[in-house]
Amino acid sequence: QVQLVESGGGLVQPGGSLRLSCAASGGIFSVYQMYWYRQAPGKERELVASILSGGTRTSYSDSAKGRFTISRDNAKKMVYLQMNSLKPEDTAMYFCAAGVKFAQAWGQGCQVTVSS
């Protein structure tokens, strides 16, 4: 079973950028599809971005499209979420997830707060 640990969250001003990282251990990282989800207080968890095992195809929510970029490094067992032009509505707990066909393993999450 893969274990996931997120890092890189924090407080940023509107219009700023953050890069989230997710380190994986255990399992065979290269076979997993990887996901970034987020959950804001009082709201359901939503899928922000996903990337196929080979890194050749990515997908984004409408809110993330054009601002966020998901990437992965299979050799380092890492997945990243570069977030630019951040908005207050991006404030949420961000979770990294892994699975062969859908998200099955989850990290503990990291907080992203966008505020002036």
Q) Can you find a residue in the stretch 38-51 that is among the aliphatic types (A, V, I, L, M), surrounded by fewer than 20 Cβ atoms within 10 Å (Cβ to Cβ) and under 18 Å from P14 (Cα atoms)? A) yes
Q.
Residues that are more than 21 Å from Q3 (Cβ to Cβ) and in contact (Cβ under 8 Å) with a residue 60 or more places away in the chain, at least 3 per element: which strands (runs of 3 or more DSSP E) completely within the stretch 40-116 meet that?
A. 110-114
Q: Please go through the stretch 18-33 and pick out each residue that is assigned to a strand (DSSP E or B) and either closer than 16 Å to Q108 by Cβ or without any contact (Cβ under 8 Å) to a residue 24 or more places away in the chain (or both).
A: L20, S21, C22, A23, A24, S25
Q) Do we have T69 as of a type outside the set (A, V, I, L, M), within 12 Å of the chain's Cα centre (by Cα), modelled with pLDDT of 95 or more and open to solvent by 20 Å² or more (accessible area, probe 1.4 Å) here? A) yes
Q: Find the residue count for the stretch 18-37, including only residues that are under 20 Å from V112 (Cα atoms) and open to solvent by 60 Å² or more (accessible area, probe 1.4 Å).
A: 1
Q.
Quick test of your reading of the structure: V112 fulfils all but one of (1) touching a helix residue (DSSP H, G or I) at 6+ places or on another chain (Cβ under 9 Å); (2) aliphatic (A, V, I, L, M); (3) under 22 Å from G15 (Cβ atoms); (4) surrounded by fewer than 20 Cβ atoms within 10 Å (Cβ to Cβ). Name the failing condition by number.
A. (4)
(Q) Among the residues that make up the stretch 87-102, is at least one of them more than 21 Å from L11 (Cβ to Cβ), more than 14 Å from the chain's Cα centre (by Cα) and surrounded by 15 or more Cβ atoms within 10 Å (Cβ to Cβ)? (A) no
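The values are calculated or read from the model by the stated rules, or taken from the named source; none is laboratory data. Note that this is a predicted model, so its numbers are computed, not measured. Heads up, the Cβs are rebuilt from the backbone with ideal geometry, glycines too, and the neighbour counts pull from every protein chain shown. Note: areas computed on protein heavy atoms with side chains; ligands, DNA, RNA excluded. Shrake-Rupley method; radii C 1.70, N 1.55, O 1.52, S 1.80 Å.
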